[in-house]
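Undergrad: Take this structure first; my questions come after.
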Amino acid sequence: MQKIVSFSKRRGFIFLSSEIYGGFSSCYDFGPLGVELKNNIKKAWWDEMIKRHEDIVGLDASILMSPKVWKASGHLTAGFADELVECKKCHHRFRKDFLKKNKCPDCGGELTRAKKFNLMMKTFVGPVEDEAAETYLRAETCQGIYVNFKNILQSMRQKLPFGIAQIGKAFRNEINPKDFIYRTREFEQMEMQWFCRPKEAPKFFNYWIKKRMNWYLNLGIKKANIRAVEVPKQELPHYAKRAVDIQYKFPFGWQEIEGIHNRGDWDLSNHSKHSGEDFKYEGYFPYVIETSVGVDRSLFAFLCDAYQEVRGGRTKTTKAVKEIEVLLKLNKSLAPIKAAVLPLVKNKSKLTKKAKEVYQMLKPYFMTQYDEVGSIGRRYRRQDEIGTVFAITVDFETLEKNDVTVRDRDTMKQKRVKIKDLVKVLKEKLNE
Ligand code: ATP
């Protein structure tokens with residue numbers, strides 16, 4: 001875990017927010033490579049939902065909504081609260097369900113009785129801090145979908161069953177944010193709400209479990225590290241009739257990365273009741289099957305799954321003793337950098353000039369880096385460490401034959417490719 005945290009900082013994936021001021025409230029910033037990885041995950045999810053399903057449409061609802069939304073959804077009542085206990089000695093606070101013993105894990109002190117702690121983050125809209133302007137940062141993105149149910153039904157002329165997908169930020173005042181980016185107070189969700197006839201809900205619930213599990217497997221998550229687990233009845237969230245968690249085997253144990261919920265007609269009927277808007281379809285409230293995944297949590301899982309350390313190095317061709325080499329074996333579509341262009345040696349003006357030309361040629365098509373610093377072996381290793389799919393080397397033969405070597409990250413095999421064919425060849429290889 002510590003390795004992943006320091007790797008993420010060292011290689012520009014994830015930084016602690018406001019680090020120069022000692023960090024802030026367990027918030028994180030995604031660096032140049034982190035944001036690419038994040039965008040690639042979001043694109044993979046969006047493509048899966050929108051491009052591969054003809055009956056799912058997208059939405060981007062606002063983060064701030066009328067507080068009435070949260071009243072109707074049950075978030076302002078006990079439904080969206082965790083049980084909090086406080087140590088009577090050191091006054092540290094903990095989520096009760098996270099504690100193994102009935103003692104303070106920090107100082108061993110006695111704990112107070114549990115009280116409900118609402119996770120909604122309050123904010124004030126407008127210049128006057130009075131109650132009329134009080135609202136909340138959304139705690140889940142899906143409420144924006146439910147309140148737009150009719151707008152989408154009518155404007156897109158949708159018919160049941162159909163889905164609405166959305167990606168966006170959510171905020172929860174977590175009692176114990178922990179485990180790096182696993183549990184934070186600001187995070188991003190990718191949620192799809194599938195509206196269907198009540199009697200079809202069980203069938204679609206199972207359909208979506210399978211679909212979502214396959215999404216992770218197709219993106220390279222190892223089968224042994226992912227599982228779907230039924231949530232026991234007594235632990236179901238306030239809105240759910242049935243829930244299955246997709247869990248990933250993190251360094252700190254099996255933990256949820258995605259929730260699949262049968263929300264029944266909880267949301268549509270409650271919004272109907274509170275707003276007066278009729279959300280019935282053919283005389284009944286549609287049921288909702290929800291798939292809800294955290295971008296940050298899934299990114300963490302993808303990082304953990306891809307991170308490999310190779311003792312003694314990967315190359316067996318040189319005698320030099322190497323320490324541990326890192327290989328980030330991310331799926332090609334998720335890798336932040338697709339190609340790195342490397343002149344074989346520096347300070348040979350013809351080689352660097354040619355390499356820069358190749359770099360400029362590739363840059364509009366792929367996330368590409370140019371690197372001329374250090375030996376070629378070191379540069380390959382630097383690229384392997386961040387998961388760059390192809391390393392393209394410009395050597396002396398390039399100057400005569402107008403071709404380059406393309407090195408594959410996983411096999412380390414090199415092939416010569418004509419510069420004029422390079423874009424086409426890389427595109428094909430990336431889509432393989
Ligand atoms: P947990 O039990 O871990 O608090 P939850 O069951 O409350 O999570 P859901 O409300 O089902 O989570 O949210 C759906 C998804 O949103 C989760 O599977 C997770 O990927 C993401 N998520 C929820 N809370 C957080 C958080 N505090 N930080 C990062 N991601 C989160």
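Undergrad: Taking R0 as 25 Å, what's the FRET efficiency between LYS103 and GLU235 from their Cβ-Cβ distance, rounded to 0.05? Mind dumping the intermediate values first?
TA: On the way: r = 23 Å, r/R0 = 0.93.
That gives a FRET efficiency of 0.60.
Undergrad: To continue, here is another question. Name the lysines eligible as straight-distance cross-link partners of LYS346: C-alpha to C-alpha under 27 Å, and not fewer than 8 places from it in the same chain.
TA: Cross-link targets: LYS316, LYS319, LYS322, LYS338, LYS354, LYS356, LYS363, LYS401, LYS413, LYS415, LYS418, LYS420.
Undergrad: Here's another thing I want to ask about it. When the distances between all Cα atoms of segment 66-203 are binned every 5 Å from zero, what whole-number percent does each bin get?
TA: That works out to 2, 9, 13, 15, 16, 14, 12, 9, 5, 3, 2, 1, 0, in percent per bin.
Undergrad: Shifting gears a bit: Rank PRO364, ASN402, ASN102 by how far each Cα sits towards the positive end of the charge dipole of the chain (+1 on Lys, Arg Cβ; -1 on Asp, Glu Cβ) and give me just the farthest.
TA: Among PRO364, ASN402, ASN102, the one farthest towards the positive end of the dipole of the chain is ASN402.
Undergrad: Looking only at LEU342, LEU330, LEU84, which one moves most when the chain is put into a Gaussian network model with springs between Cα atoms under 10 Å?
TA: For the chain, modelled as a Gaussian network with Cα springs under 10 Å, the answer is LEU84.
Undergrad: Apply 1/(1 + (r/R0)^6) to the Cβ-Cβ distance of GLU54 and VAL425, taking R0 = 25 Å, and write down the FRET efficiency to the nearest 0.05.
TA: Computed FRET efficiency for GLU54 and VAL425: 0.20.
Undergrad: What FRET efficiency comes out for the pair VAL310/TRP46, r = Cβ-Cβ distance, R0 = 41 Å, nearest 0.05?
TA: After rounding, the FRET efficiency stands at 0.75.
Undergrad: So which trypsin sites (Lys or Arg not before Pro) in segment 11-54 are both in a DSSP loop and have at most 15 other Cβ atoms within 10 Å of their Cβ?
TA: Counting only loop positions with at most 15 other Cβ atoms within 10 Å, the trypsin sites (Lys or Arg not before Pro) in segment 11-54 are ARG52.
Undergrad: Calculate what fraction, in whole %, of the accessible area of segment 176-308 sits on carbon and sulfur atoms when a 1.4 Å probe is rolled over the protein chains.
TA: Looking at segment 176-308 in its full context, I get 48 percent from C and S.
Undergrad: What percent do you get for the relative contact order of segment 43-156 when only Cα pairs under 8 Å and 6+ apart count?
TA: 26
Undergrad: If you average the alpha carbon positions of segment 140-208 and of segment 242-305, how far apart do those two centres end up, in angstrom?
TA: 6
Undergrad: In addition: Over the alpha-carbon set of segment 32-93, divide Rg by the Kirkwood Rh and report the Rg/Rh ratio to two decimals.
TA: Using Cα coordinates only, the ratio equals 1.21.
Undergrad: Also: Give me the percent of Cα-Cα pairs in segment 193-349 that sit more than 24 Å apart, rounded to a whole number.
TA: 53
Undergrad: Which three extents, in angstrom, do the Cα atoms of the chain have along their principal axes, listed largest first?
TA: Answer, in whole Å and largest first: 76, 60, 48 Å.
Undergrad: Now for a different question. What distance in nm separates the simple spin-label points at ARG10 and LYS223, each placed 7 Å from Cα in the Cβ direction?
TA: 3.3
Undergrad: Rank by packing, highest mean first: peptides 214-224, 352-362, with packing defined as the count of other Cβ atoms within 10 Å averaged across residues.
TA: Sorting 214-224, 352-362 by mean packing, highest first, produces 352-362, 214-224.
Undergrad: Taking +1 at the Cβ of each Lys and Arg and -1 at the Cβ of each Asp and Glu, which of GLN255, PHE187, THR135 sits farthest along the dipole of segment 116-265 towards its positive end, judged by Cα position relative to the Cα centre?
TA: The one lying farthest along the dipole's positive direction is GLN255.
Undergrad: Let me ask something additional. Can you compute the radius of gyration and Dmax for segment 282-428, using only the Cα atoms, both in Å?
TA: Cα only, segment 282-428: 19.5, 76 Å (Rg, Dmax).
Undergrad: Run the simple label-point estimate for TYR21 and LEU64 please: 7 Å along Cα→C-beta, distance reported in nm.
TA: 2.1
Undergrad: Next question. If one puts a single equal scatterer on every Cα of segment 145-265 and applies the Debye formula without solvent, what log₁₀ I(q)/I(0) results at q = 0.14, 0.21 Å⁻¹?
TA: -0.74, -1.45
Undergrad: I've got another one for you. By what distance, in whole Å, do the Cα atoms of segment 81-122 stretch along each of the three principal axes, largest value first?
TA: 32, 18, 15
Undergrad: For the chain, take the longest principal axis of its alpha carbons; what is the angle in degrees between that and the long axis of helix 349-362, to the nearest 10 within 0 to 90?
TA: 30
Undergrad: Got the relative contact order for the chain handy, in percent, Cα pairs under 8 Å and 6 or more residues apart? Kindly include the intermediate steps, with their values, before the conclusion.
TA: Values: 784 pairs, mean separation 52.2, N = 432.
Relative contact order of the chain: 12 percent.
Undergrad: Per residue, how big is the convex hull around the C-alpha atoms of segment 331-416? Give it to me in cubic angstrom, could you? Working shown, then result.
TA: Details: hull volume 7.1 nm³, N = 86.
In segment 331-416, the Cα convex hull volume per residue is 83 Å³.
The values are calculated or read from the model by the stated rules, or taken from the named source; none is laboratory data. Just so you know, these numbers come straight off a predicted model, no measurement behind them. Virtual Cβ from ideal backbone geometry, glycine too; neighbours counted across all protein chains shown. Ligands, DNA and RNA are stripped out before the accessible areas are found, and what is left, the full protein with its side chains, is counted by its heavy atoms. Shrake-Rupley method; radii C 1.70, N 1.55, O 1.52, S 1.80 Å.
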